Every structure is written in structure tokens, then in C-alpha cells.
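This report refers to the structure that appears directly beneath it.
Read-outs: derived from the displayed coordinates by stated rules, not from any lab. None of these values were measured; they are calculated from a predicted model. Ideal geometry is used to build each Cβ from the backbone, glycine not excepted, and the neighbour counts take in all protein chains shown.
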Amino acid sequence: MGITKEYSNNEITIVWKPEMCIHSTKCWKGLPSVFRPKEKPWMHPNEAPSQQIMDQISQCPSGALSYYLNNQKPDNHE
Ligand code: SF4
């Protein structure tokens, strides 16, 4: 359901569901090099190590952000 946007670097893909985002600002205050809400596209997954991005994603309070490893792409997208 809803819109899903994906942003990849060469290792991981960030998945963002805008309808679930509660704009807590946590992601872009935590990792402003990657999450830039004033730009389009607003995510820049090449601007930080993938591990740092994954750590930040795990702190998203709404579940709007998730990720998968590019070599483990899930095939059961909702
Ligand atoms: S941390 Fe999650 S809920 Fe907060 S602004 Fe980022 S995507 Fe939205």
C-alpha cells in the first residue's frame, strides 16, 4: 500500500514510505549528509558509509525508513 521510494548506493537500498513518515526529523538531524529534506531527491546514499546509514535507519521512530542489502533484494514487496 502507498508510495515507496528507493534510493541505492552500491551496497544497500534505502526504502522510504512517505505516508508513514511522521517528520520526527531524527534521520536528517542524525545524518544530514545523507538525509537532506530540502533537496530533491532528498536522500544521498553515497554520502556516508552504508553501516552508518543502516544505524540511522534503525532509529526511525515511524518505520517509514527501512533498507535491504542490494545482494539480498526482497521479492515480497508490499
Ligand atoms: S526518521 Fe523516519 S519518521 Fe523521522 S523524518 Fe526520518 S523518515 Fe520520517
- Between beta-carbons, use under 12 Å as the cut-off and find the net charge around Pro37, counting Lys and Arg +1, Asp and Glu -1. +4
- If you take the charge dipole of the chain about its Cα centre, with +1 on Lys and Arg Cβ and -1 on Asp and Glu Cβ, which of Ser24, Thr4, Tyr67 is farthest toward its positive end? Ser24
- Query: So what is the relative contact order for the chain, in percent, with contacts set as C-alpha pairs under 8 Å and at least six apart?
  - Reply: 37
- Message: For a quick check: with amide H placed at 1.01 Å from N, whose amide H comes under 5 Å from Ile12's, ignoring anything fewer than 5 positions away on the same chain?
- Response: Asn70
- Size of electric dipole in the chain: Cβ of Lys, Arg +1 and of Asp, Glu -1, about Cα centre, debye, nearest 20: 300
- Message: If I model a spin label as a point 7 Å beyond the Cα along the Cα-Cβ vector, how far apart are those points for Ile22 and Lys40 in nm?
- Response: 2.8
- Query: What distance in nm separates the simple spin-label points at Ser33 and Tyr68, each placed 7 Å from Cα in the Cβ direction?
  - Reply: 2.7
- Residues with amide H under 5 Å from that of Ser24, placed H, sequence gap 5 or more: none
- Output ³J(HN,Hα) for the range 34-39: one whole-Hz value per residue in order, computed from phi by the Karplus curve 6.51 cos²θ - 1.76 cosθ + 1.60 with θ = phi - 60°, and x for Gly and Pro. 9, 9, 10, x, 8, 10
